[in-house]
Amino acid sequence: TGLPLDPIYSVIGDNFGRKGPEVVEANRLTAEDAYTFIREHLPEDFAWRLQPGPDARRLSINGSEAFAMGALMGGCKFVAGYPMTPATAVMEYMARHAKDWGIVVKHAESEVAAANMVVGAAHMGVRAMAPTSGGGYDLMTEAMSLAGLLEEPVVVYVAQRPGPATGLATRQAQGDLMLAHFSSHGELPRVVLAPHTPEELFTAGYRAFNLAEKYQCLVIVLSDQYIASSYQTVDASAFDPAQVQIERGKLLTAAELDQMTDYKRYADTPDGVSPRALPGHPHAVYFATSDMHRQDGHIDERAEVTQAKLAKIMRKQDAARDDMRPPVRYGPDQAERTFVTWGSTHGAVREVVDILNAQGRSANMVTFVDLWPFDADAALQALGDAKRIIDVEGNVTGQFAFLLRAHTGIQCHERILRFDGRPFTTDYILRHLEGH
């Protein structure tokens, strides 16, 4: 390939240095002999030669690391979880940097315990999250319902893998979309993001906390095995800390609380978001209970109290819709076929679009990133003029296609689904594309 030996020498030194200089030198000589032999016998028409890359700084990073980096730069200070592939990499990253950045990383005894720890940390004003996979999030749903009623800003990173049950613990799926959207007993507001590149995952890392605190609600970041674990080489400028902005919503300062005499943590407001005070200030004493409660936190089962409380928290979801980004379009404005994607299917479909257009068979694609609250107007604008819509996703039932039809009336004309535990490839999509 033309790769110079210096990077190989560096790897040899890192891997064998503890065994002594003789072992390092022996491996260096072996590498040199192999390198010289291949160069002498390499065919002249060998096509796979590496060229020097751009001068820009580059990062080799996977999706979980990118999300964890964004969360760290976004002020995350508490992480609790029970290791579960493929989300464990987030815990590992945060634990690796915990002492440097003042983060508490708790390996809990179960997903149930981890979720409740995160709710408690968020209650005290700490940006807190729980990384898990679908089976782990199943166990967290009761705690997330608690967070919903207490109006705590909680972030959960759900890296999908095939189920049901243990399923295929180290393989690929996109089967937890409905779980993220609707899991709870009773109804509670939430935001669901589904980034599809390391850059998007980095942005989601801090943006999720901003949204959680702005609307005082649960935010789920949906990843999957392919994007979570696959390494990509990316431009480091996309991970610049200078682009990270911290928004803490209606968080009251001590000076503001000094002027208050009748603080109500759950005060009814037009957008459903109440001014938030952290425990500790003498003017911010209130009750927090998992039972239905009044604006001051006291338990109250009257019908009008229940109706007002639930209507209030669900108004947050309506308000959050204004912060949902529209889907991303790629390809020509007008095309014979339009692919619809979300999550890691984006990459393979994008290559298919390029191939079809190169063949003179026009195609474009629409990738949805902010999935909930669902922005029906943005979906209609992106797909309203599509001639033939092809849904591509990694589950059995076409979960996103169902949501799209439910909220917009748009019917996908064709579905290319994969649920064998393997990621999509361009070849798989082309083989299953009708008329190809």
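Is it the case, given these coordinates, that Val24 is surrounded by 14 or more Cβ atoms within 10 Å (Cβ to Cβ), without any contact (Cβ under 8 Å) to a residue 24 or more places away in the chain and either outside any strand (DSSP E or B) or acidic (Asp, Glu) (or both)?
Details: surrounded by 14 or more Cβ atoms within 10 Å (Cβ to Cβ): yes; without any contact (Cβ under 8 Å) to a residue 24 or more places away in the chain: yes; either outside any strand (DSSP E or B) or acidic (Asp, Glu) (or both): yes.
Taking the combined requirement at face value, the residue satisfies it.
Listed residues Arg57, Arg39, Arg18; which is closer than 30 Å to Asp240 by Cα, open to solvent by 90 Å² or more (accessible area, probe 1.4 Å) and of a type outside the set (A, V, I, L, M)?
On the way: Arg39 fails: closer than 30 Å to Asp240 by Cα; Arg18 fails: closer than 30 Å to Asp240 by Cα.
The conditions single out Arg57.
What tally of residues in the range 345-369 results from selecting those that are open to solvent by less than 30 Å² (accessible area, probe 1.4 Å), touching a helix residue (DSSP H, G or I) at 6+ places or on another chain (Cβ under 8 Å) and either closer than 20 Å to Val191 by Cβ or hydrophobic (A, V, I, L, M, F, W, C) (or both)?
The total comes to 9.
Evaluate the range 106-117: report whether one residue or more is crowded, with 17+ Cβ neighbours inside 10 Å and among the β-branched types (Val, Ile, Thr).
no
Could you grab me the full set of residues in the range 295-318 that are under 24 Å from Glu142 (Cβ atoms) and either of a type in the set (S, T, N, Q) or in contact with a helix residue (DSSP H, G or I) (Cβ under 6 Å, 6 or more places away or on another chain) (or both)?
Thr306, Gln307, Lys316, Gln317
Could you check Arg265 against (1) buried (at least 16 other Cβ atoms within 10 Å of the Cβ); (2) within 20 Å of Glu199 (Cβ to Cβ) and say which number it fails?
Exception for Arg265: condition (2).
So which residues in the range 332-352 are charged (D, E, K, R) and part of a helix (DSSP H, G or I)?
Arg350, Glu351 - these are the residues of the range 332-352 that are charged (D, E, K, R) and part of a helix (DSSP H, G or I).
Quick check: is even one residue across the range 333-342 acidic (Asp, Glu), more than 21 Å from the chain's Cα centre (by Cα), within 27 Å of His283 (Cβ to Cβ) and open to solvent by 20 Å² or more (accessible area, probe 1.4 Å)?
no
I want to confirm something. Restricting to the range 126-143 and keeping residues that are under 15 Å from Lys77 (Cβ atoms) and open to solvent by 10 Å² or more (accessible area, probe 1.4 Å), which single residue is nearest to the chain's Cα centre (by Cα)?
Arg127
Consider Ala165 against the criteria (1) on the phi < 0 side of the Ramachandran plot; (2) surrounded by fewer than 24 Cβ atoms within 10 Å (Cβ to Cβ): it satisfies all of them except one. Which criterion is unmet?
Ala165 satisfies every listed condition except (1).
So, in the range 89-104, exactly how many residues are touching a residue at least 24 places away in the same chain (Cβ under 8 Å), open to solvent by 30 Å² or more (accessible area, probe 1.4 Å) and not hydrophobic (A, V, I, L, M, F, W, C)?
Going through the range 89-104 one residue at a time, the tally reaches 2.
Hey, could you check the range 411-423 for residues that are in contact with a strand residue (DSSP E or B) (Cβ under 7 Å, 6 or more places away or on another chain) and not in a strand (DSSP E or B) and say which is surrounded by the fewest Cβ atoms within 10 Å (Cβ to Cβ)?
This residue is His413.
Taking the condition small (Gly, Ala, Ser), closer than 22 Å to Tyr9 by Cα and either out of contact with any Pro (no Cβ under 7 Å at 6 or more places or on another chain) or loosely packed, with under 10 Cβ neighbours inside 10 Å (or both), does Ala34 pass?
Yes, satisfied.
So that you can scan it fast, the table gives a plain yes or no per residue for (1) more than 24 Å from the chain's Cα centre (by Cα); (2) over 30 Å from Thr170 (Cα atoms); (3) of a type in the set (Phe, Trp, Tyr); (4) open to solvent by less than 50 Å² (accessible area, probe 1.4 Å):
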site	(1), (2), (3), (4)
Ala212	no, no, no, yes
Gln216	no, yes, no, yes
Ala228	no, no, no, yes
Ala242	no, yes, no, no
Asp258	yes, yes, no, no
His293	yes, yes, no, yes
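The values are calculated or read from the model by the stated rules, or taken from the named source; none is laboratory data. Small disclaimer: the values here were computed from a predicted structure and weren't measured. Ideal geometry is used to build each Cβ from the backbone, glycine not excepted, and the neighbour counts take in all protein chains shown. For the accessible areas, the whole protein counts, side chains as well, though only heavy atoms, and no ligand, DNA or RNA atoms are used. Shrake-Rupley method; radii C 1.70, N 1.55, O 1.52, S 1.80 Å.
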